[in-house]
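Read the structure below first, then the notes.
Just so it is clear, none of the values below were taken in a lab; they were calculated from the coordinates. All values reported here derive from a predicted model rather than from experimental measurement. We place every Cβ from the backbone using ideal geometry, glycine too, and count neighbours over all the protein chains shown.
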Amino acid sequence: MTKKVKLRSLIIGGGFTLLFVVLIMRIYWVQVVDGARLVTEVTKNQWSKVKDIHPVRGSILDRNGTVLAEDSPAYTLALVPKTIQENNNQEEVVKGLAAILAASGDPANVTALEDKIRKRLEAKREWLPMQQIEIRNEGWKIDSETAAKINQFVEELQSKFPKKNTSAGIVLVPEIKRFYPGGQLAAHLIGYTNKEDKPVMGIEAQLDNYLKGVPGFLNYEKDRYGVELTSSKSRYQPAVNGSNVQLTIDKKIQFYIESALQKTYDKWRPKSLTAIAVDPKTMEILGLANMPTFNPNKYGEIKKQSDFINHAVASQYEPGSTFKLVTLAAAIEEGVFFPEDKYQSGRIIVADRELHDHNRVGWGRISYLEGLKRSSNVAFVKLGLEKLGTDKLRQYIDKFGFGAKTGIDISGEVAGRVKMQYAPEYATATYGQGLTATMIQQTAAYAAIANGGKLMWPHVIKQITNPDTGEIIEKYEPKVIREVVSPETAKQVGEYLEQVVSDQQIGTGRRAYIEGYRVAGKTGTANFVLPGQVEYARGRWMVSFIGYAPLDDPQILVAIMADDPDLGGNYHLGGDVTAPAFKEIVSQSLRYMGVAPSVTHEQPSQPTEKAPLGKMPDLTGQSLDDAKAAMNKFGVSVEPIGQGPKVIAQSPLPGTEIGGAQRMYVLMQEGEEVPVPNLSGKSLRDALEVCSFLKVRCQSTGEGYVSDQALEDYGGSRVLTLQLKSYQELLENPVAGKTDKSEKSDKNEKSDKSAKADSSAAKATGDSGKSGAGKKNTDSSKQNADGTSKKTASAQP
């Protein structure tokens, strides 16, 4: 018995001894061996606080520094359910917030949002006192305007509480979100970032590495209340803000484009509408737009994903007659185009296929120049197939860049398709059928003619800069890819294309004519293949116009494409779709750019009033009466600007040829602040001539003749704003003519009367009106044709 007790005591004592030894070893391990690591971990997890510092995302600017995209304050709506329950006004809160946050005023949307908010508030029976819930996505990163409405609603709720300063249980948490001041302006170029701050498309996604910046941090030690310890060692790494990206586009030209496209889209209801404006000398993109479009501030409201497609680079079409530029330029360069040579229009047989003109019967035996003006397919088949040959034709198609990507700095570009094997395929290619191209490829090809024969690299990014110092990080210069034709050939092509626009009898581009400017351009109306089909669709077309101005010194080139506009089956209406939009965009842009009309240019298709009568004499130093007497024998009216004894300057300059219906302006007053005369009743051309003469920047609204004017000072420069009205409106609502104070004179008012008479005559020779057609909505999908059809293809003018 004693032995058992001793054994038991020994075992228990040994066990306690072993346990004590293990405990001592563990303490030693924790305190000595692993002590340093554990202290560091505790410091890091419990005593240490790391605060992230978010960088400011870089802004996207236009070529003049106007902001197109930037970070801006935003707010996220959070509700405190416990407080709302205690206030006993849940239903009032639900209905009030739903009315503010609903995407539209649609009662169904409001009701659905009410149910959503109500379910979130009733998700639990018991909420913690300060527990918050967010209403996503409707209440997530809302703008300042919506936040202001919510604050006003909170004030209304609090005014009903018996105690002042009672919380309404509605909290707005400050955030930062991406804001696009122009709304839908240049949306397909800029792209957008979503509410998770992730770039989705456009420049936002493409240059995200430049725009996003580098986050920073602040690391410090804190007590259990989160307060920084006085003896803590802080580490601070500042955030590096994102770089600014400056584009080549001009916000005002972009606005002109989108305004004109919207009118065209509303009238003709195409599936899509695309326009590109460039500086043809550098291929800098001045503006690019698509319809339908979207507002990047409200990207979630778009229902069709196709609205996000940038058709300028991502869609390919059979170009039709605008492609005739390549055949024409090649024929001139190779010396086989003789404009007065005759051919039989109507139809032509190539191998076993009959190809024909758009009117099928032709116009008899006509010259090749007339064939160009009428956009004759037969003329270009004979030029491309019989005179150039298939090898040369293919060589020039490749030289102009078709069948290969341009390399534009916009993502999603496709190369188009050029695949020709048999003679009929080469024949249809001469007038732009059976192959596909993108709008940016065609734009670059026309720019090569406008700039003297050089194919340029198209680009939309101008430079990337440091937002703090303005230092240029990366700059994108114009690049010449290759010379496609000689400068002499390019000049001749431009002059022939001018006649397509200026010939008001047979020119297919006559609706693009702009009074006072030399415009070169070409129309295109092409058949296309519907998805799943092998033959061209009947009565449906791609309609386009590409042109540039002024011809002698091109400042802007615009390409417009309408996909399947509602022409009511009448392709003759194709010229009414894109050419007027081109005219509106280019005329507004040229005025904005300060390009004065060419006063000596007359529309070739209209008879001139008189042959040149001699050279303009130098009137400098003469009195006004002597100047009028000198010009009276030529039938030229003299209009004075300012008051003074002698002529200081004149427009047109001495040596200019005198035309019978011409007027001239003489400056009678010295100094920079020469008064601007009353321009009421004058045509826009005459008004712009005066502005150019006085070196006053001019801008206009409306169309027709000057009805009102306002002179303002912007940064030391005088800007004259003209209000235009049609001549009929001037007759029905005559105006006395407004101008700045102290700028009216009896002489100016007299000259206005003669100007109105001249305006009437000018109006009689203006562009013909557009014809309309019954419309219907179409819902067919876009077809980017990638094969040729065995059926006869005919490109329209």
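Things to note:
- Using a Förster distance of 22 Å, the FRET efficiency for E386-N570 (Cβ separation, nearest 0.05): 0.10
- Dipole of segment 333-491, positive direction: furthest Cα of Q395, I449, M420, with charges on the beta-carbon: M420
- For the cross-link pairs K82/K195; K252/K399; K51/K475; K342/K399; K95/K267, the ones whose C-alpha atoms lie over 31 Å apart are K252/K399; K51/K475; K95/K267.
- Linear extension gain, V200 paired with I472, 0.36 nm per residue minus alpha-carbon span: 95.3 nm
- Under-5 Å amide H pairs with I473, H placed in peptide plane, nonlocal only: I464, T465, N466
- Residues whose placed amide H lies under 5 Å from that of V350, excluding near-sequence neighbours: L355
- The Rg/Rh ratio for segment 232-362 is 1.20, where Rg is the radius of gyration of the alpha carbons and Rh is the Kirkwood radius.
- Label-point separation in nm, Y422 to S623, each point 7 Å along Cα→Cβ: 8.5 nm
- Order by protection proxy (mean Cβ within 10 Å, highest first), peptides 424-431, 63-70: 424-431, 63-70
- Karplus-derived 3J(HN,Hα), 6.51/-1.76/1.60, for each residue of segment 518-530, Hz, glycine and proline x: 8, 10, 10, x, 8, 8, x, 9, 10, 6, 9, 9, 6
- Compared with the direct C-alpha span, the chain from K405 to Q643 gains 79.7 nm at full extension, assuming 0.36 nm per residue.
- Per-residue ³J(HN,Hα) for segment 351-366, Karplus 6.51 cos²θ - 1.76 cosθ + 1.60, θ = phi - 60°, Hz, x for Gly and Pro: 6, 9, 10, 9, 10, 9, 6, 5, 9, 6, 9, x, 10, x, 8, 10
- If R0 equals 51 Å, the separation of the Cβ atoms of R136 and K4 corresponds to a calculated FRET efficiency of about 0.10.
- On the beta carbon distance between Y236 and K119, with R0 = 51 Å, the FRET formula returns roughly 0.70.
- Rg/Rh for segment 366-452, where both radii come from Cα atoms and Rh is the Kirkwood radius: 1.00
- Pairs of Cα atoms farther than 19 Å apart, segment 425-477, %: 55 percent
- Taking only the Cα atoms of segment 121-221, the radius of gyration and Dmax are 19.1, 55 Å.
- A convex hull fitted around the alpha carbon atoms of segment 475-568 yields 192 Å³ per residue.
- Its residues counted as N, segment 401-517 yields a C-alpha radius of gyration over 2.2 N^0.38 Å of 1.37.
- Ordering of 24-37, 86-99 by burial proxy (mean other Cβ atoms within 10 Å per residue, highest first): 86-99, 24-37
- Under 9 Å, Cβ to Cβ, from T438 - net charge with Lys/Arg +1 and Asp/Glu -1: 0
- Integer Hz, Karplus 6.51/-1.76/1.60 couplings in order for segment 379-391, x for Gly and Pro: 4, 7, 5, 5, 5, x, 8, 7, 8, 7, x, 5, 5
- Spin-label pair Y714-Y28: with each label point 7 Å from Cα along the Cα-Cβ axis, the two points sit 8.6 nm from one another.
- Cα extents of segment 317-391 along the three principal axes, largest first (Å): 30, 30, 24
- In this structure the amide hydrogen of E639, modeled in the peptide plane, comes within under 5 Å of the amide hydrogens of M664, Y665, V666, none closer than 5 places in sequence on its chain.
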